[in-house]
Amino acid sequence: MIHVDARRFDEAMGGHVVHAESPQGRFTTGAAALDGRTLRSTEAFGKNLFLRFSGDAPQYLHVHLGLIGGWTWWDHDHQQLSGRPVVKADDSNVRLRLRSGRGDAARSAELRGAITCTLVDEEGLDKAVAKLGPDPLRDDADPDVAWAKVRKSRKPIGGLLLDQAVTAGAGLIWRAEVPFLAGVDPHRPGVDVTEDEFSTMWSEMRRVMKDAVERGGKEITTDPADRPGTDGHVSRDDAFYVFRREGEPCLRCGTAVEVAEMGNRKVWWCPSCQPR
Ligand SMILES: [Zn+2]
């Protein structure tokens, strides 16, 4: 989750001078422009991360990870702190490495596989953000902007939630789990979703996404009461109501969870709990 990355940057590098390099060579000029500047602040809008540095424009590093990109964090001793396990220390696919701090406080973050890694000025940031719908994780988000698009659309709500121009930041888990939490079939066209249902979806999306950020990115949507036999530890199997649970009994009613293709990606739902 990008908001988790943003928080990590804030905690580890905020206010510090940052050293930048591009071992892969695809961001050499950008890295050279950032090298030695101070990280002033971080902002996340949906799946877009903006790191604001000291100095002249362009002062923002804009990163969008896409489906396969990711940040890997290391401590001073080159122990991996987070990110997908990197088995072999291989520089050849590191687009950007940012380092800051001294001694035990030294940290480095490596970016691999991102679809966007570029420097932008204030105008560039505004342009990127203008394309996005409201982000439920941001306190300044206006859900009415999303509702205005949903209520006029004949597209299925499960697709609309994934559309970054409608709600920014929602991924495959949320487009399945949020309609479940609101009791709405993800195939239902936006025009047939009531304002109350949308408002439930928005607040549930905000709640479950915020919880995930608090847990450092671990996504869980199930209530403890719906997770029989687990005390404390929540496994992937009982973290979700419908996501990747096709054929399994619904945790609320026992009906087999269904799966279908929607916009070339999958969606899951309980046909009993989520009326069309
Ligand atoms: Zn059910």
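Summed over segment 1-41, the residues that are surrounded by 21 or more Cβ atoms within 10 Å (Cβ to Cβ), in a loop (DSSP other than H, G, I, E, B) and among the aliphatic types (A, V, I, L, M) give a count of 0. Looking at segment 249-268, which of the residues that are part of a loop (DSSP other than H, G, I, E, B) and β-branched (Val, Ile, Thr) is farthest from residue 162 (Cα to Cα)? The selected residue is 255.
For segment 165-181, a tally of residues being touching a strand residue (DSSP E or B) at 6+ places or on another chain (Cβ under 8 Å) and either among the charged types (D, E, K, R) or in a helix (DSSP H, G or I) (or both) returns 5.
Mind listing whichever residues of segment 241-276 are over 14 Å from residue 180 (Cα atoms) and more than 13 Å from the ligand (Cβ to nearest atom)? Scanning segment 241-276 gives 247, 260, 261, 262, 263, 264, 265, 266.
Out of the residues in segment 76-104 meeting the condition of being among the polar types (S, T, N, Q) and modelled with pLDDT of 90 or more, tell me which one is surrounded by the fewest Cβ atoms within 10 Å (Cβ to Cβ). Walk me through how you get there before you give the answer.
Within segment 76-104, the first condition is being among the polar types (S, T, N, Q), and the residues that meet it are 79-80, 82, 92-93, 100.
The next check asks that each one be modelled with pLDDT of 90 or more; those that pass are 93, 100.
Details: 93: 13, 100: 21.
Residue satisfying both the conditions and the ranking: 93.
Taking the criterion of being of a type outside the set (A, V, I, L, M, F, W, C) and in contact (Cβ under 8 Å) with a residue 60 or more places away in the chain, the residues of segment 44-68 that qualify are 46, 47, 48, 58, 59, 60, 62.
Please determine whether any residue of segment 212-219 is in a loop (DSSP other than H, G, I, E, B), within 16 Å of the ligand (Cβ to nearest atom) and either surrounded by fewer than 17 Cβ atoms within 10 Å (Cβ to Cβ) or polar (S, T, N, Q) (or both). Within segment 212-219, not a single residue is in a loop (DSSP other than H, G, I, E, B), within 16 Å of the ligand (Cβ to nearest atom) and either surrounded by fewer than 17 Cβ atoms within 10 Å (Cβ to Cβ) or polar (S, T, N, Q) (or both). Being among the small types (Gly, Ala, Ser) and at positive phi, is that true of even one residue in segment 186-205? No, segment 186-205 has no match at all.
Return the pairs, sorted by first residue and then second, in which the second residue is polar (S, T, N, Q) and within 14 Å of the ligand (Cβ to nearest atom), the first residue lies in segment 252-267 and is in the same structural domain as residue 222 (by TED's automatic domain parsing), the beta carbons are less than 6 Å apart, and the residues are 6+ apart or on different chains. Once the first residue is in the same structural domain as residue 222 (by TED's automatic domain parsing) and sits in segment 252-267, its partners that are polar (S, T, N, Q) and within 14 Å of the ligand (Cβ to nearest atom) give 253/272; 255/272.
With respect to residue 238, is the statement that it is of a type outside the set (Phe, Trp, Tyr), within 16 Å of the ligand (Cβ to nearest atom), under 29 Å from residue 83 (Cβ atoms) and over 19 Å from the mean Cα position of the chain (by Cα) true?
On the way: of a type outside the set (Phe, Trp, Tyr): yes; within 16 Å of the ligand (Cβ to nearest atom): yes; under 29 Å from residue 83 (Cβ atoms): yes; over 19 Å from the mean Cα position of the chain (by Cα): yes.
Yes: the conditions hold for residue 238.
Among the residues of segment 131-163, the ones that are charged (D, E, K, R) and crowded, with 21+ Cβ neighbours inside 10 Å come to 1 in all. Return yes when residue 242 is surrounded by 13 or more Cβ atoms within 10 Å (Cβ to Cβ), in a loop (DSSP other than H, G, I, E, B) and not basic (Lys, Arg) and no when it is not. Considered against the rule, which asks whether it is surrounded by 13 or more Cβ atoms within 10 Å (Cβ to Cβ), in a loop (DSSP other than H, G, I, E, B) and not basic (Lys, Arg), residue 242 comes out as yes. Please indicate, with yes or no, whether at least one residue in segment 190-203 is farther than 24 Å from residue 143 by Cα and away from the ligand (no atom under 14 Å from the Cβ). Within segment 190-203 (the criterion being farther than 24 Å from residue 143 by Cα and away from the ligand (no atom under 14 Å from the Cβ)), the answer is no, since none of the residues qualifies.
Screening the candidates 166, 184, 191 for the property of being crowded, with 17+ Cβ neighbours inside 10 Å, closer than 25 Å to residue 257 by Cα and not charged (D, E, K, R) yields one hit, 184.
Exactly one residue out of 183, 169, 159 is at pLDDT below 95, among the small types (Gly, Ala, Ser) and outside the structural domain of residue 66 (by TED's automatic domain parsing), and it is 169.
The values are calculated or read from the model by the stated rules, or taken from the named source; none is laboratory data. It should be emphasised that the depicted structure is a prediction, and the values quoted were computed from it without experimental measurement. With ideal geometry, Cβ positions are generated from the backbone for all residues, glycine too; neighbour counts draw on all protein chains shown.
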